[in-house]
1. Could you go through region 165-172 in sequence order and give the Karplus-derived ³J(HN,Hα) for each residue, using 6.51 cos²θ - 1.76 cosθ + 1.60 with θ = phi - 60°, rounded to whole Hz, and x for Gly and Pro?
2. Just to confirm a number: summing +1 for Lys and Arg and -1 for Asp and Glu over residues other than Leu168 whose beta-carbon lies under 15 angstrom from that of Leu168, what do you get?
3. Where nothing but the Cβ of Lys and Arg (+1) and of Asp and Glu (-1) is charged, how large is the charge dipole of region 1-101 around its Cα centre, in debye to the nearest 20?
4. Taking the dipole about the Cα centre of region 41-178, with the C-beta of Lys and Arg at +1 and of Asp and Glu at -1, give me whichever of Gly126, Ala111, Tyr63 is farthest to the positive side.
5. Along each of its three principal axes, how wide is the spread of alpha-carbon positions in the chain, in whole angstrom units, largest first?
6. Give me the accessible area per residue for the chain, probe 1.4 Å, as a whole number in Å².
7. With Cβ to Cβ distances under 12 Å as the rule, what net charge do the other residues near Ser157 carry (K, R +1; D, E -1)?
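The values are calculated or read from the model by the stated rules, or taken from the named source; none is laboratory data. Treat the numbers as computed from the prediction; the structure is a model and nothing was measured. Cβ atoms come from the backbone with ideal geometry, glycine included; neighbour counts cover every protein chain shown. Ligands, DNA and RNA are stripped out before the accessible areas are found, and what is left, the full protein with its side chains, is counted by its heavy atoms. Shrake-Rupley method; radii C 1.70, N 1.55, O 1.52, S 1.80 Å.
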Amino acid sequence: AIGTISVNIGDIYFSMGDINNALFYLEKSLEAYRKSSGDVAYTLNTMGKVYTTQGDFDLALQYQNDAYQYARNSDNKLEEARALLGLANTYKEKNNSALALAYYTKAQTIANEIGSNNELKDSYEGLALLYSKLGDYKNAFKNQQLLTAIRDTLYNSETDKRIAGLQLSFDMDKKQAE
């Protein structure tokens, strides 16, 4: 529980741009997960993202590679895809298009296998931007179309959940009024 709470707090600080506090809580999360034999892949990958935003690509890649290894060893396909996306994003920032392309493609394959639409969205987006940067507009357009389709799927799924929640609330209010 402490590992999960700490990584969530670290995520919040990271999204707010407070790198020092983000790293503090991510380190606490790693410490707690290692004591309890928890899954540290998510925390390691998040630390990699933090270091990527700071421009410390070598450290970022170290954490993301560790995340990938932990995910593979624990057969956690979702975290494996996320670690591959982290590696791809870091290599893209490092201007290593060949490795970024390889990691985005590998992440896309795993995300497809497990039906993870959020990771598919991220891989399509990364591939579309990368192919565009490389001047391969045919593949950029193809991935942009896939990105649009998956965004629509995600939006429709969220909308369906909201409608179901509103319907439930309406039905309960109606029963209470009777």
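1. x, 5, 5, 4, 4, 4, 4, 5
2. Around Leu168, the surrounding residues sum to +1.
3. Using Cβ point charges on Lys, Arg, Asp and Glu, region 1-101 gives about 120 debye.
4. It is Gly126.
5. Extents along the principal axes: 65, 48, 32 Å.
6. 58
7. Working: positive: Lys121, Arg151, Lys161, Arg162; negative: Asp152, Glu158, Asp160.
Combined, the nearby Lys, Arg, Asp and Glu give +1.
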